[in-house]
Amino acid sequence: MRCKLVLLLVFIALGVVGCTRQTIVDRGDEGVIRIVVTPPVAGSAAVTPKLIPADATKVRIRVWHASTGFNAVTTVTIGGEDSVDIPVPEDDGYTVDAISYYVQHRRPLALTGGRAWNVRVEPKEVTTVQIGLRPWETDTAGDTTVEPEESFVVEFTPSDGGGLLALQTFKEATLHTSIIAFDDPDDELPLFPVSQGILFDDRIAFTAVAPDVTELTVLFVCSLVEFSQNWKDTTIASRDEQSLFVEFPNRHMGENLHQVTVDPTAGGLVVEITRDQ
């Protein structure tokens, strides 16, 4: 049976994304996982056609097992008609992840994610897994005002994303800043990163240096986070698209860039002269 993908732009991502045939070829103790990507809960952010062009949006699926080291990755184009098999050895405790993304400026950028835990696979059977895709939300902490050429600290704490968080998901992060706003998702990310991030289980921390300015200036700040190598799909012809990235805050899902005010008048030595009494 050929599986189809259905995109309901009003509701984020959706449809049948995964496997495969009703009749499973005898592969010994293997089974097949069928993934069904479902709409997010009511009230979640909507995605417009501008943010997810129907001809560019894809879903990447990862099936993995923490104990055995099994890891299978496949990518499906939303709106396409290709079917995909994910044969999996018989076992329990599988994790099944899914990420919707689109490619912008040759970079694949994650929009929504989802995860199913503790999936059991029986031999020679189809195991159906339902995954709801949801956007990440980013909480920001750290300095909001800094002097020119002084260090400042910023921390991004992503939440939700269907549970796709922490060191098991992300590989590395870089901080990108500009005194010119780049809120529009069509704007390219500032080319050169100004800082490498430190990944914690629940947040990403950066230390950077403010630019040398002579007047009050707003510095726009965003992080680019690369998913771990376990998410790499080497079957994709374009090398640029084999890896996955996500921005925090995720301006592609309507989040605002973090802002730091660079104030030349902040701090410094204040001298008061008074008349002797």
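Values computed for the structure shown
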item: Which numbered condition Ser67 fails, given (1) surrounded by fewer than 20 Cβ atoms within 10 Å (Cβ to Cβ); (2) small (Gly, Ala, Ser); (3) part of a strand (DSSP E or B); result: (3)
item: Candidates Val121, Val218, Val103 - the one that is of a type in the set (A, V, I, L, M, F, W, C) and touching a helix residue (DSSP H, G or I) at 6+ places or on another chain (Cβ under 7 Å); result: Val103
item: Conditions (1) under 22 Å from Thr145 (Cβ atoms); (2) in a strand (DSSP E or B); (3) of a type in the set (Val, Ile, Thr); number of the one not met by Val246; result: (1)
item: Some residue of the range 208-224 being under 30 Å from Thr77 (Cβ atoms), surrounded by 15 or more Cβ atoms within 10 Å (Cβ to Cβ) and modelled with pLDDT under 95; result: no
item: Filter pass, Thr112 being modelled with pLDDT under 90 and in contact with a Lys or Arg (Cβ under 9 Å, 6 or more places away or on another chain); result: yes
item: Verdict on Ala98 being touching a Leu at 6+ places or on another chain (Cβ under 7 Å), in a strand (DSSP E or B), among the hydrophobic types (A, V, I, L, M, F, W, C) and not assigned by TED's automatic domain parsing to the domain that holds Asp240; result: yes
item: Filter result (within 20 Å of Leu111 (Cα to Cα) and either in contact with a Gly (Cβ under 8 Å, 6 or more places away or on another chain) or in contact (Cβ under 8 Å) with a residue 24 or more places away in the chain (or both)) within the range 124-148; result: Gln130, Ile131, Gly132, Leu133, Arg134, Pro135, Trp136, Glu137, Thr138, Thr140
item: Residues satisfying the stated conditions in the range 245-255, i.e. farther than 12 Å from Ser223 by Cα and either at pLDDT 95 or above or surrounded by fewer than 22 Cβ atoms within 10 Å (Cβ to Cβ) (or both); result: His252, Gly254, Glu255
item: Qualifying position, being modelled with pLDDT of 90 or more and not charged (D, E, K, R), among Ala98, Ala141; result: Ala141
item: Filtered residues of the range 101-127 (kept if part of a loop (DSSP other than H, G, I, E, B) and either basic (Lys, Arg) or in contact with a His (Cβ under 9 Å, 6 or more places away or on another chain) (or both)); result: Arg106, Lys124
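The values are calculated or read from the model by the stated rules, or taken from the named source; none is laboratory data. Since the model is a prediction, treat every value here as computed from it, not as a measurement. For neighbour counting, all protein chains shown are included, and Cβ atoms are generated from backbone atoms with ideal geometry for every residue, glycine included.
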